[in-house]
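Peer 1: Just passing along the structure, written as structure tokens.
The values are calculated or read from the model by the stated rules, or taken from the named source; none is laboratory data. Fair warning: this is a prediction, and the values are worked out from it, not measured in the lab. Glycine also receives a Cβ, built like all others from the backbone with ideal geometry; neighbour counts cover every protein chain displayed. The area values use the complete protein model at the heavy-atom level, side chains included, leaving out ligands, DNA and RNA. Shrake-Rupley method; radii C 1.70, N 1.55, O 1.52, S 1.80 Å.
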Amino acid sequence: MSESIISRVEIVEFNFDVKNLGVPEGTDTEHSGGTPGGAIEYAPGQHATMSRYAVVIETADGCRGEYVTHYVGTRSALGQSLMLAPGLIGRDAEAREGLYDDMKRELRQYDHMGHGPIDIALWDLAGKKYGTSVAKMLGGYRKRLPAYASTYHGDRNGGLDSKEAFGDFAVQCREMGYRAFKIHGWHEGDRREEAENVLHVRKAAGDGMDLMLDCACELRTLADAIYVGRACDEAGYLWYEDPFRDAGTSAHAHRILREKIVTPILQTEHIRGVEPKADFVIAGGTDFLRSDPEYDMGITGAMKIAHLAEALGIDCEVHAPGPAHRAVVSAMRNTNYYEIALVHPDCPNSIPPVYACGYSDKLESIDADGTVGVPDGPGLGVVYDWEFINARATGRYVFGG
């Protein structure tokens, strides 16, 4: 086949509402371009307006690649995608390694979050060109992926507002078929409340369910992190993630934490790309690595991180759900679970309902055995609902012809 030269890139920003979601009091939504993903919580009767964007890449020989963002779809990431898009025109869409390298350099002064959606769309384009799935292109061998339920943060609004509520939800998820359950605690970061929750959920869920804790950097000090980590030790948690307010970036502090507790530490969600993740783990800052094809410069970047972890003999857990994420996990040996995030007993997650093919990452998307399937159609294996996206478009940016 001939080269597929990129002739046009379109980026469509759109909004959608999610019922029973809101933001903690004092959160600035006016200047954030919609509800920020990390600050949402259960709020009965409210509607949260979420902002996401879609990327479409077309080539002169008629190929098309698409991707619609999940959790990376913020205004800051959009700005970076808009920086990168003009530089794609005239390039070979299948030269993904070269494009990855150039885009990484272009965003060297930024956090790289706008890189991933473009790379994923390039993989979708290649799969569609050759009539095969991205999972097969990666050598994927897992057809079904064991999933864990990853909760919203605790709230004070009658939802996940107590250790009893978290325990009840863990039992609900276990009865649905989930094999594992991850807690996101309260934004206040009260170490005693968090530790009590850790212990109570283990008691409620029993010993047959894997449990994890992601503090999302809410604890304030290393001492707080050690205190809660020892509760994780007592309760036999599978991993302990992003405990305190270093923002998940201090290898030195997390090496100290690793020396004080037994539970494996899962870090590097908040540092981008393979090189700093290598530095972090070699410095002793984590037991497991974090990767995300949206956050870590696409499927290309995510697979580099998976292979880095494999070379070091450690596990790599993929952050968040999505069709690109399923393709990546399908091709990884050294990973444990696929994340269904963020879930709650009384409200949906904030993933945009943009699929016209039945694809879903909602709480109920697992089968009775607690697994999800890997899409096997061409490209990412999903069909997007462009009528929904275009009807809610708030911005449209076109580069090239």
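Peer 1: Rounding to the nearest 20 debye, state how big the charge dipole of the chain is about its Cα centre with +1 on each Lys and Arg Cβ and -1 on each Asp and Glu Cβ.
Peer 2: Using Cβ point charges on Lys, Arg, Asp and Glu, the chain gives about 640 debye.
Peer 1: Taking the radius of gyration and the Kirkwood hydrodynamic radius from Cα positions alone, what is the Rg/Rh ratio for region 197-251, to two decimal places?
Peer 2: Looking at region 197-251, the ratio lands at 1.00.
Peer 1: Once the Cα atoms of region 58-117 are picked out, what are the Rg and Dmax in Å?
Peer 2: Just the Cα atoms of region 58-117 yield Rg and Dmax of 11.8, 34 Å.
Peer 1: Considering the alpha-carbon set of region 326-398 alone, what are its Rg and its Dmax in angstrom?
Peer 2: Taking only Cα atoms of region 326-398, I get Rg and Dmax of 14.7, 44 Å.
Peer 1: To continue, here is another question. Please give the per residue volume of the convex hull enclosing the alpha carbon atoms of region 146-297, rounded to a whole number of Å³.
Peer 2: Spelled out: Cα convex hull of region 146-297, divided by residues, is 106 Å³.
Peer 1: Also, I was wondering about something else. I need the fraction of alpha carbon pairs in region 225-324 separated by more than 20 Å, rounded to a whole percent.
Peer 2: 34
Peer 1: Next up: List the DSSP H helices in the chain whose Cα atoms stretch 18 Å or more along the helix axis and whose mean Kyte-Doolittle hydropathy is at least -0.5.
Peer 2: 115-130, 163-176, 222-235, 298-312
Peer 1: Based on Cα positions only, what radius of gyration and what Dmax would you give for region 65-178, in angstroms?
Peer 2: Both quantities, over Cα of region 65-178: 19.6, 57 Å.
Peer 1: If you put +1 on each Lys and Arg Cβ and -1 on each Asp and Glu Cβ, how big is the dipole of region 275-401 around its Cα centre, in Debye rounded to 20?
Peer 2: That gives region 275-401 a dipole magnitude of about 380 debye.
Peer 1: Let me ask something additional. Project the alpha carbons of the chain onto their principal axes and report the range along each, largest first, in whole Å.
Peer 2: Extents along the principal axes, in whole Å: 60, 48, 41.
Peer 1: For region 247-298, how big is Rg over Rh, using alpha carbon atoms and the Kirkwood form of Rh?
Peer 2: Rg/Rh: 0.97.
Peer 1: In addition: If I compute solvent accessible area with a 1.4 Å probe over the protein chains, what percent of it on region 182-225 is carbon and sulfur?
Peer 2: The nonpolar share, carbon plus sulfur, comes to 46 percent.
Peer 1: Suppose all protein chains stay in the model; what accessible area per residue would a 1.4 Å probe give for region 157-307, in Å²?
Peer 2: Value for region 157-307: 35 Å² per residue.
Peer 1: Counting each pair of different Cα atoms once, what's the Kirkwood radius of region 179-223 in Å, rounded to one decimal?
Peer 2: Computed over region 179-223, the radius equals 11.1 Å.
Peer 1: Related question: Given Cα pairs under 8 Å that are at least 6 residues apart, what percent is the relative contact order of region 79-199?
Peer 2: Once divided by the residue count of region 79-199, the mean separation gives 21 percent.
Peer 1: What would the Debye equation give as log₁₀ I(q)/I(0) for region 1-137 at q = 0.11 Å⁻¹, counting only Cα atoms as equal point scatterers?
Peer 2: Results for region 1-137 at q = 0.11 Å⁻¹ read -0.47.
Peer 1: Considering every pair of different Cα atoms, what Kirkwood radius, in Å, is found for region 253-401?
Peer 2: The answer is 17.3 Å.
Peer 1: Can you find, among His307, Ala231, His325, the residue sitting farthest towards the positive end of the charge dipole of the chain, where Lys and Arg contribute +1 and Asp and Glu -1 at Cβ?
Peer 2: His307
Peer 1: For Arg96, Arg290, give me the order by solvent-accessible area with a 1.4 Å probe, most accessible first, ignoring ligands, DNA and RNA.
Peer 2: The most accessible residue leads, giving Arg96, Arg290.
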